[in-house]
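What follows is a set of notes on a single structure, which appears directly below.
The values are calculated or read from the model by the stated rules, or taken from the named source; none is laboratory data. On a predicted model such as this, the values are computed, not experimentally measured, just so you know. Methodologically, a virtual Cβ is constructed for each residue, glycine included, from the backbone with ideal geometry; neighbour enumeration extends over all protein chains shown.
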Amino acid sequence: MVVHSFYIFNKSCQCIHSQRWQHYQQPAKDLSEEEEQKLIFGVVFSLRGLVRKIAGNDDEHFQTFKTSQYKLHIHETASNLKFILITDRDSPNLTKYLELIYAGPYNSAVVRNPLVNMTDERVTNENLRKGVEYIVKSIK
Amino acid sequence: MSFPIVHSLWILNKAGGLVYLRSFSDQLPGLNTNEQLVLAGTLHGVHAICSRISPITTSKSSGMQLLESDSFDLTVFLTRTGTKFVLITTPGHPASQALLNRVYEIYADTVMKNPFHIPEMPIRNEMFDTALDGFLRPPDFMT
């Protein structure tokens, strides 16, 4: 199983944390990191509206979607934070691990950290980075 | 897991317009025509953007193929000509992709071979309807 990248988006559509894992050499992308984050948020946001309409229920969430190349997993918290993991297409549903990241590293390194400004800043916290790394490595 | 049921089938033309919609169960709420068209358009756009955010740059990614949600799965099958077949099923349906391939076969046999059908326009074809009923509608005792 291959994990490509991990993102956290806050409720005002900003990417507050991202991590990438490069597994092999490949040509650079034709869009910048910031543009890519905007596209990812856009896709997730639109799909969220779509599944709510189809299910006719405002609490409906989608967990994963996949294409021929990758699979995107999402866990959305009650405070509208979005935890997103992108892996290879054959991996099982990993939303449980995203919940773990929220309950573990995010909670202890960001929520309980009085120095973090929760409004709109990027989280540059080494402990969060290490915690995510640890949980992602534990995925079998 | 519940008994696998097909909730509905959508067919989108290559411009993202909804040309066919059929419901096979009443477990999901019905949508009015306007909502249906808007959702089809959204799906068309998202499907295209999905291939842009692929983490792998050595080969091109397809659009979205399967969306897993709390109460349903949405499977998309894109044909060579850009027509999209979308199937909404119960979560974890084991054969949604195979069903879509069969729907495509029936579509080719009934809709495309009909000399009065105008490509990219809404599909009104009784043969297509009855053929789909035959294998997508769940048996009465199951619903």
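Could you run through region A:43-52 and say how many residues are crowded, with 17+ Cβ neighbours inside 10 Å and within 9 Å of another protein chain (Cβ to nearest Cβ)?
Total satisfying the criteria: 4.
I'd like the full set of residues that are more than 8 Å from chain B (Cβ to nearest Cβ) and either part of a strand (DSSP E or B) or touching a residue at least 60 places away in the same chain (Cβ under 8 Å) (or both), limited to region A:53-71.
Correct list: A:K71 only.
With the requirement that a residue be under 17 Å from A:I84 (Cα atoms) and either touching a strand residue (DSSP E or B) at 6+ places or on another chain (Cβ under 8 Å) or part of a loop (DSSP other than H, G, I, E, B) (or both), what does region B:45-55 give you?
B:C50, B:I53, B:S54, B:P55, listed by residue number.
So for region B:22-43 (the condition being in contact with a Ser or Thr (Cβ under 8 Å, 6 or more places away or on another chain), at the interface with another protein chain (Cβ under 7 Å from one of its Cβ atoms), not basic (K, R) and not in a loop (DSSP other than H, G, I, E, B)), does at least one residue qualify?
Yes, that holds for at least one residue.
Could you list, in sequence order, all residues of region B:66-90 that are outside any strand (DSSP E or B) and under 11 Å from the mean Cα position of the chain (by Cα)?
If the condition is that a residue be outside any strand (DSSP E or B) and under 11 Å from the mean Cα position of the chain (by Cα), then B:T83 is the only one that fits.
Residue by residue, here is whether (1) in contact with a helix residue (DSSP H, G or I) (Cβ under 8 Å, 6 or more places away or on another chain); (2) surrounded by 13 or more Cβ atoms within 10 Å (Cβ to Cβ) holds:
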position	(1), (2)
A:L94	no, yes
A:Y106	yes, yes
A:A109	yes, yes
A:R112	no, no
A:V116	yes, yes
A:T124	no, no
A:L128	yes, yes
A:G131	yes, yes
A:K137	no, no
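Counting just the residues of region B:118-143 that are surrounded by 13 or more Cβ atoms within 10 Å (Cβ to Cβ) and among the hydrophobic types (A, V, I, L, M, F, W, C), which one comes out farthest from B:F85 (Cα to Cα)?
For region B:118-143, the residue satisfying everything is B:M127.
Please work out if B:F116 is on the phi < 0 side of the Ramachandran plot, in a helix (DSSP H, G or I) and more than 14 Å from every other protein chain (Cβ to nearest Cβ).
no
Is it true that B:V86 is crowded, with 16+ Cβ neighbours inside 10 Å, within 23 Å of B:P138 (Cβ to Cβ), at pLDDT 95 or above and within 12 Å of another protein chain (Cβ to nearest Cβ)?
Judged against the criteria, B:V86 is a match.
Are any residues in region A:22-42 without any contact (Cβ under 8 Å) to a residue 24 or more places away in the chain, facing chain B (nearest Cβ under 9 Å) and surrounded by 12 or more Cβ atoms within 10 Å (Cβ to Cβ), and if so, which ones?
If the condition is that a residue be without any contact (Cβ under 8 Å) to a residue 24 or more places away in the chain, facing chain B (nearest Cβ under 9 Å) and surrounded by 12 or more Cβ atoms within 10 Å (Cβ to Cβ), then A:Q26, A:K29, A:L31, A:E36, A:L39, A:G42 are the ones that fit.
Which of the residues belonging to region B:120-132 are out of contact with any helix residue (DSSP H, G or I) (no Cβ under 7 Å at 6 or more places or on another chain) and touching a residue at least 24 places away in the same chain (Cβ under 8 Å)?
B:E120, B:M121, B:P122, B:I123, B:D129
Restricting attention to region B:57-66, does a residue exist that is surrounded by 19 or more Cβ atoms within 10 Å (Cβ to Cβ), within 12 Å of another protein chain (Cβ to nearest Cβ) and of a type in the set (V, I, T)?
no
Regarding B:R80, is this residue facing chain A (nearest Cβ under 7 Å) and either surrounded by fewer than 19 Cβ atoms within 10 Å (Cβ to Cβ) or touching a His at 6+ places or on another chain (Cβ under 7 Å) (or both)?
No: the conditions fail for B:R80.
Mind listing whichever residues of region B:46-55 are surrounded by fewer than 18 Cβ atoms within 10 Å (Cβ to Cβ) and within 7 Å of another protein chain (Cβ to nearest Cβ)?
B:I49, B:S51, B:R52
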